[in-house]
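Report on one structure; see the data block that follows.
Values in this text are rule-based calculations from the coordinates and carry no lab data. Note that the structure is a prediction, hence the values are computed from the model and not measured. Counting neighbours? That spans all protein chains shown, and the Cβs are built from the backbone with ideal geometry, glycine included.
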Amino acid sequence: MPTATPRPLATATLRPLPTNTPAPVGPVCDCSADTRNCSGNNAFATHAEAQACFNYCMQTVGYDIHKLDGNNDGIACEDLP
């Protein structure tokens, strides 16, 4: 009686995660009180930092708690580099 030819089992191939996978997003800034501003004490260093905080607080609490957008055009701390 002939023996059956063994069939290879399917195996999973592990693949590395793509390098462009974004890191988990945590709180960008504190939106519980008006503690940051565009100039003076507790000022942001760059427009990008201020904009990220502004966007985060708008999504989190629903308003510009830090008053970073003085003319209500959606752009925070427009004079920062």
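Along the range 40-45 the Karplus relation, 6.51 cos²θ - 1.76 cosθ + 1.60 evaluated at θ = phi - 60°, assigns HN-Hα couplings of x, 5, 6, 7, 6, 7 Hz to successive residues, with x for each Gly and Pro. Taking amide H as placed 1.01 Å from N in the peptide plane, residue 43 has its amide H under 5 Å from the amide H of 37, each at least 5 places away in sequence or on another chain. A simple spin-label model places the labels of residue 52 and residue 5 5.9 nm from each other, with each point 7 Å out along Cα-to-Cβ. Taking θ as phi - 60° and the Karplus parameters 6.51, -1.76 and 1.60, the scalar couplings of the range 57-63 work out to 5, 4, 6, 7, 10, x, 7 Hz in sequence order, x denoting glycine and proline.
If neighbour count is taken as other Cβ atoms inside 10 Å, put 28, 61 in order from fewest to most.
61, 28
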